[in-house]
Amino acid sequence: MAYEVNGKSLETTANGYLVNLEEWNEEVANAIAAEEGITLSEKAWDIINFLRDEYFNNNANQPNERNMVKHFKGVWTDLPKVDT
(Lines give C-alpha, C1' and ligand atoms only; values in the text may rest on other atoms or scores of the structure.)
Protein backbone atom coordinates (compact mmCIF):
# COMPACT_ATOMS: atom_id res chain seq x y z
CA MET A 1 0.00 0.00 0.00
CA ALA A 2 1.15 3.56 -0.64
CA TYR A 3 -0.31 7.03 -0.35
CA GLU A 4 -0.11 9.52 -3.21
CA VAL A 5 0.45 13.07 -1.97
CA ASN A 6 1.35 15.94 -4.29
CA GLY A 7 2.44 13.52 -7.01
CA LYS A 8 4.73 11.61 -4.67
CA SER A 9 4.19 8.00 -3.68
CA LEU A 10 4.75 7.38 0.04
CA GLU A 11 5.58 3.78 0.95
CA THR A 12 3.70 2.22 3.86
CA THR A 13 3.89 -0.94 5.92
CA ALA A 14 1.30 -3.71 5.68
CA ASN A 15 -0.65 -1.89 8.41
CA GLY A 16 -0.65 1.40 6.50
CA TYR A 17 2.02 3.21 8.54
CA LEU A 18 4.57 5.36 6.73
CA VAL A 19 7.87 3.56 6.26
CA ASN A 20 9.79 6.83 6.36
CA LEU A 21 8.52 8.96 9.25
CA GLU A 22 10.36 11.98 7.83
CA GLU A 23 7.81 12.09 4.98
CA TRP A 24 4.98 12.95 7.36
CA ASN A 25 3.50 16.43 7.25
CA GLU A 26 0.03 17.93 7.58
CA GLU A 27 -0.75 17.36 3.90
CA VAL A 28 0.09 13.68 4.31
CA ALA A 29 -2.08 13.46 7.44
CA ASN A 30 -4.98 15.09 5.59
CA ALA A 31 -4.54 12.67 2.66
CA ILE A 32 -4.57 9.68 5.00
CA ALA A 33 -7.63 11.05 6.82
CA ALA A 34 -9.43 11.62 3.51
CA GLU A 35 -8.64 8.04 2.49
CA GLU A 36 -10.39 6.97 5.71
CA GLY A 37 -13.33 9.33 5.13
CA ILE A 38 -12.32 11.63 8.00
CA THR A 39 -12.03 15.41 8.15
CA LEU A 40 -9.52 16.53 10.77
CA SER A 41 -10.86 19.24 13.08
CA GLU A 42 -8.83 21.75 15.06
CA LYS A 43 -9.12 19.56 18.15
CA ALA A 44 -8.00 16.51 16.17
CA TRP A 45 -4.89 18.48 15.18
CA ASP A 46 -4.33 19.35 18.85
CA ILE A 47 -4.30 15.64 19.66
CA ILE A 48 -2.14 14.69 16.67
CA ASN A 49 0.44 17.36 17.46
CA PHE A 50 0.48 16.48 21.16
CA LEU A 51 1.04 12.79 20.47
CA ARG A 52 3.72 13.46 17.85
CA ASP A 53 5.52 15.81 20.22
CA GLU A 54 5.43 13.22 23.01
CA TYR A 55 6.67 10.49 20.70
CA PHE A 56 9.48 12.36 18.97
CA ASN A 57 10.63 14.64 21.79
CA ASN A 58 10.14 12.36 24.79
CA ASN A 59 11.85 9.03 24.02
CA ALA A 60 8.91 7.58 22.07
CA ASN A 61 6.67 8.10 25.09
CA GLN A 62 3.02 7.28 24.59
CA PRO A 63 1.19 9.26 27.29
CA ASN A 64 -1.53 7.61 29.29
CA GLU A 65 -5.12 8.80 29.19
CA ARG A 66 -4.86 10.63 32.51
CA ASN A 67 -1.94 12.77 31.31
CA MET A 68 -3.71 13.53 28.04
CA VAL A 69 -6.90 14.64 29.81
CA LYS A 70 -4.86 16.82 32.17
CA HIS A 71 -3.05 18.44 29.22
CA PHE A 72 -6.21 19.09 27.18
CA LYS A 73 -8.11 20.53 30.14
CA GLY A 74 -5.60 23.36 29.99
CA VAL A 75 -5.75 23.67 26.20
CA TRP A 76 -9.46 23.33 25.48
CA THR A 77 -10.76 26.07 27.73
CA ASP A 78 -13.70 26.62 25.35
CA LEU A 79 -15.27 23.30 26.42
CA PRO A 80 -17.36 23.11 29.58
CA LYS A 81 -15.84 19.76 30.50
CA VAL A 82 -12.87 17.67 29.34
CA ASP A 83 -12.77 14.13 30.69
CA THR A 84 -12.21 10.55 29.65
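The values are calculated or read from the model by the stated rules, or taken from the named source; none is laboratory data. Because the structure is predicted, anything quoted here is derived from the model rather than measured. Positions of Cβ are generated from backbone atoms using ideal geometry, with glycine treated the same way; all protein chains shown enter the neighbour counts. Ligands, DNA and RNA are excluded from the accessible area calculation, which covers all protein heavy atoms including side chains. Shrake-Rupley method; radii C 1.70, N 1.55, O 1.52, S 1.80 Å.
Tabulated data
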item	result
Ala60, sole failed condition from (1) without any contact (Cβ under 8 Å) to a residue 24 or more places away in the chain; (2) at negative phi	(2)
Members of the stretch 7-57 found to be more than 28 Å from Asp78 (Cα to Cα) and among the polar types (S, T, N, Q), listed by number	Ser9, Thr12, Thr13, Asn15, Asn20
Val28 surrounded by 14 or more Cβ atoms within 10 Å (Cβ to Cβ) and either under 29 Å from Val82 (Cα atoms) or in contact (Cβ under 8 Å) with a residue 40 or more places away in the chain (or both)	yes
Search result, residues across the stretch 49-70 that are surrounded by fewer than 12 Cβ atoms within 10 Å (Cβ to Cβ) and touching a helix residue (DSSP H, G or I) at 6+ places or on another chain (Cβ under 8 Å)	Gln62
Positions within the stretch 31-47 being farther than 23 Å from Met68 by Cα and either surrounded by fewer than 11 Cβ atoms within 10 Å (Cβ to Cβ) or of a type in the set (Lys, Arg) (or both), in sequence order	Glu36, Gly37
Filter result for Thr13 (modelled with pLDDT under 95, among the β-branched types (Val, Ile, Thr) and open to solvent by 40 Å² or more (accessible area, probe 1.4 Å))	yes
